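Asks: This is the structure, below, for whatever I ask next.
The values are calculated or read from the model by the stated rules, or taken from the named source; none is laboratory data. From a predicted model like this one, the values you see are computed outputs, not experimental measurements. Here the Cβ is made from the backbone with ideal geometry for all residues, glycine too, and neighbour counts use every protein chain on show.
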């Protein structure tokens, strides 16, 4: 799991004005984040709008990312869902060559019990030949992976090697960090929680903001991991408003708006997601200018 220590970027999927995949923009973004010092790339996650990307498109995007990255960084691919068997089928039929791990979100909508969540991830781990990182984001799934369930899976399943924690519950996160086995990574799934999670023993963050500001986000995480919390705190505070704006009208609407201002990609999303409102866009434009001039 040393591969996944530091800062990962939950990379966006850029679209053209006709809503087809914009591979040219994707290439620019990959170069941008690698030049900015990112540790690894996560493709086809929430920020990548995976739920509105068709299977053949996902395959094309992953292939393009792997080819463009060319083993310079580890690559994680999002493979999850609320049907355990469907997730297993996807893993079994996927070409995992060159992929360093999968990020698998907790089952959503079904609202399974903790026993159901345990059996879901155990079944995935049993069939998956590469490391599995669980993704706990109850604000989206209505399905919290408790500290007890997480620790039991970490103990019982050798290839469940980490959790992306976006519960916002620092008590739960600290209980996982306290009880986890050696080599199990606790990764922040929320840019705003990066500093406190690292300070309590977490291994880094899978960041949305790093799509736009990889160098600054890398500096924040690297300083925090070295115990330079004063410097890390200054960076976190500098980007406080920008981080809030990421989610003012939902993710990835916020980050795509920021990236469009920076000419990294078009401000285009697939329904049911829509661009941010005009007032939020005005605030984003102002915040980008302030960061640029500071």
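Asks: Give the residue, chosen from 219, 191, that is farther than 18 Å from residue 176 by Cβ and touching a strand residue (DSSP E or B) at 6+ places or on another chain (Cβ under 6 Å).
Replies: Numbers: 219 fails: touching a strand residue (DSSP E or B) at 6+ places or on another chain (Cβ under 6 Å).
Residue meeting the stated conditions: 191.
Asks: Let me ask you something else. If a residue must be in contact with a helix residue (DSSP H, G or I) (Cβ under 6 Å, 6 or more places away or on another chain) and assigned to a loop (DSSP other than H, G, I, E, B), how many such residues does the stretch 276-294 contain?
Replies: Residues flagged as in contact with a helix residue (DSSP H, G or I) (Cβ under 6 Å, 6 or more places away or on another chain) and assigned to a loop (DSSP other than H, G, I, E, B) within the stretch 276-294 amount to 1.
Asks: Residues of the stretch 129-160 being in contact with a helix residue (DSSP H, G or I) (Cβ under 8 Å, 6 or more places away or on another chain) and part of a strand (DSSP E or B), which ones?
Replies: Of everything in the stretch 129-160, those that are in contact with a helix residue (DSSP H, G or I) (Cβ under 8 Å, 6 or more places away or on another chain) and part of a strand (DSSP E or B) turn out to be 132, 133, 134, 136, 160.
Asks: Hey, another quick one. Mind listing whichever residues of the stretch 49-67 are surrounded by 18 or more Cβ atoms within 10 Å (Cβ to Cβ) and in contact (Cβ under 8 Å) with a residue 40 or more places away in the chain? I'd like the intermediate steps shown before the answer.
Replies: Initially, the stretch 49-67 is screened for residues surrounded by 18 or more Cβ atoms within 10 Å (Cβ to Cβ), giving 49-50, 53, 58, 61-62, 65-66.
Selection gives 49, 53, 61, 65.
Conditions tested, residue by residue: (1) more than 17 Å from the chain's Cα centre (by Cα); (2) under 23 Å from residue 243 (Cβ atoms); (3) at pLDDT below 95; (4) not in a helix (DSSP H, G or I).
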{"residue": "117", "(1), (2), (3), (4)": "yes, no, no, no"}
{"residue": "122", "(1), (2), (3), (4)": "yes, no, no, no"}
{"residue": "172", "(1), (2), (3), (4)": "yes, yes, no, no"}
{"residue": "187", "(1), (2), (3), (4)": "no, yes, no, yes"}
{"residue": "193", "(1), (2), (3), (4)": "no, yes, no, no"}
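Asks: Which of the residues that make up the stretch 33-59 are assigned to a helix (DSSP H, G or I), under 18 Å from residue 19 (Cβ atoms) and touching a helix residue (DSSP H, G or I) at 6+ places or on another chain (Cβ under 8 Å)?
Replies: 50, 58, listed by residue number.
Asks: Just to be sure before I move on: is residue 245 assigned to a loop (DSSP other than H, G, I, E, B) and at pLDDT 95 or above in the structure I sent? Quick ask: steps written out before the conclusion?
Replies: Values: assigned to a loop (DSSP other than H, G, I, E, B): no; at pLDDT 95 or above: yes.
In short, no.
Asks: Which condition breaks for residue 4 when tested against (1) modelled with pLDDT of 95 or more; (2) buried (at least 18 other Cβ atoms within 10 Å of the Cβ)?
Replies: (1)
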